[in-house]
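Reviewing the structure listed below.
The values are calculated or read from the model by the stated rules, or taken from the named source; none is laboratory data. Computed from a predicted structure; not experimentally measured. Here the Cβ positions follow ideal geometry from the backbone for every residue, glycine too, while neighbour counts run over all protein chains shown.
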């Protein structure tokens, strides 16, 4: 009877399905039409932006409104396209679903979404038609030369010649130090000489003069480093909190002395934090830089924390505000330096250094001297403006004709207000001159707070999720993203904050003036909306990205934010966040592609099944959150990046096998035992860190074999490896021919046995943590390796002989890696090595360094080698050695190089910085060279 009832129901439904099919038959064609329309609109908008940049403030306001309207229409079309693609991906692919019943069930299930999409496509087409008509009515499409439509659109190309940024001697911070040498020496004198009482030194000047650059050169000067026990750099900016500054200062102090961070620091109130800072500084001579201070109240708020121990401690403040200087100068010993613009001669020197760095040996050709002088005069001595315009010109043809075109574009704008409008226009012109594919990448730095240092890999993954990075044959999207960043760094619009071992940008930031310029662009391009305490209101128009530092009622109720495709949360640690907001994310922001909670209020995030609603999500960063589980993860089938580091999530659900597009999976000690029969299906994975092998009533071999199917892996970390798994692990790793970074860990008495891994031609960084029977023979054959770390290896044979001829090795670290009594660095060995770290070698009594070994070494570190009583003979041959870092070494070792009579002291006199740290966390710094 049941079968008859079902059959009867089907008979009644099928005619309805046929009618509905006829009604929706045209949706595929409508979709194709609207997709093509979007391509034309986007091409048109590129041209419109280019023309708006050329016209500057002369652009007709009506055209601006009309272009903004068209831009928002393009956003709506993008949304419809994405919703349609999700619906297509949900079509049943199981051959068993060919029955009429299965079809009916799927049809009923998707009926409403299909109707909604059909309606949205119709609305989008109608909206675009209306916008086009207004363009015709107001003659925008005729007189503005902005033509729209398949028959009338004229594409344009930005024929910019870009110099290769690798030609630089190194990347620049804000500018080369030109004209600041005397000021730098004066500030160094104020810091290391003068009265015993604590002194505040203020550096004041307008934005772009190089205050931060100057302070950085002083802070990193060897004489300053050697003079003080504690050194800390705190960036303040406009949105600081006293609690935040004190926490950052404590973290700096603990990190510098390798100490553990205080427990409960995140819960401490202001008074407790100030007390802790005072306790840390009591007996120490310290220097603290407070960079970019805007508030006249700051010094009064933190003065008590800066303990005056009459030991020559110093505070250095950089600011644009004269009022800040006045509030800090309370003692006759306090000093003020007002930073002035560069002289004409200094300005020209800096300009030529940047504009002709790869041309004519850095000298200005005769035919360009006059026009170069014009450019320099327009910059009014501002280093940032000089660097911006010179960097722009360095990528152009070195002809008067080409340079004159640029001068005419800039001249009128720079004359209006050379100190404020001028520099903004110069920076804006540098942005306008970027290739289109770099513009969105630069704008993305504005999504982060001012002065935020963002990790490059985090940025790459977000750019890719946003769709900014385009495919290039033979390269991964990550490779292309890295290329984009390198180009941006080469324009000096982006600064490198830290470098990797092999000289790549590890983290980066933009200058605050460039950040301001980006925020102005946000409004014109509807790129992003910042919600902060300074501005909690939502702007008019559609919101495409949200960067949230505070939750406002305006945000909670705004319908404009529903179109947001990216959501990044930056918690204000003193604000009570609205828990409802976080819980409503999956329902309020269903179209999200990027959700980054790394800097969010971790104690508020909660889990609901409706997180599976975020079907468009490509990038999910829950790092540092309290997210308890990932039950919903199987529904996020477009996900490319999942970051769950520093969370309680260790066991991943089996549903993760559905994420066929997943490229980066990052966690801590993740247990993947339940995926042993399906992990190999995640064939797009490039990053997998950190996987922990556990017994789970299994030898783990099946899981290891599954790992061998991940042939696209580039970054892999596996922990808990056991000796009997070595053969299977060798086979799997040998299949990962794209590996660039590999870390293998074992624990306790377990041995890492990896005897026969075949060639890994792309491997750059290798770390082996655990006991080795011997150094694997394949390690010295890694021709492209730049970094090698051996920890707890307990090798009985000196590994140096087999490693010394590796052609590109830049870093070698050995901690408890060797049980022998001596190490021998032979003549001609380790020619490229720049950093060597040796620690915990409990039997080591001697190190011999031949003349001609370690030719390029810049940093040498010894720590915890209890039987090494003397500095290695031959250290005097290391002519390029800049830093000798000695930690927890025997008393005899330290005394033999003491400046006051140590017998071996002469052989280290050429080293710029010698730092000695004892078991009692006491540091003595011996500086022989007062290099700047």
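Points worth noting:
- Sole residue being within 28 Å of residue 686 (Cβ to Cβ) and modelled with pLDDT of 95 or more, chosen from 832, 783: 832
- Only one entry of 191, 250, 261, 209 meets the criterion of being modelled with pLDDT under 85, over 19 Å from residue 321 (Cα atoms) and in contact with a helix residue (DSSP H, G or I) (Cβ under 8 Å, 6 or more places away or on another chain), and that entry is 261.
- Residue that is farthest from residue 808 (Cα to Cα), among those in region 760-775 that are surrounded by fewer than 19 Cβ atoms within 10 Å (Cβ to Cβ) and more than 31 Å from the chain's Cα centre (by Cα): 773
- Taking region 753-792 as the range and being in contact (Cβ under 8 Å) with a residue 40 or more places away in the chain, under 17 Å from residue 717 (Cβ atoms) and in a loop (DSSP other than H, G, I, E, B) as the test, the residues that pass are 762, 764, 770.
- Residue match in region 609-632 (condition: surrounded by 19 or more Cβ atoms within 10 Å (Cβ to Cβ), modelled with pLDDT under 85, under 26 Å from the mean Cα position of the chain (by Cα) and assigned to a helix (DSSP H, G or I)): no
- Positions within region 879-903 being over 23 Å from residue 853 (Cα atoms) and in contact with a strand residue (DSSP E or B) (Cβ under 7 Å, 6 or more places away or on another chain), in sequence order: 887, 888, 889, 894, 899
- Residue 304 vs. criteria at pLDDT 90 or above, assigned to a loop (DSSP other than H, G, I, E, B) and surrounded by fewer than 16 Cβ atoms within 10 Å (Cβ to Cβ): no
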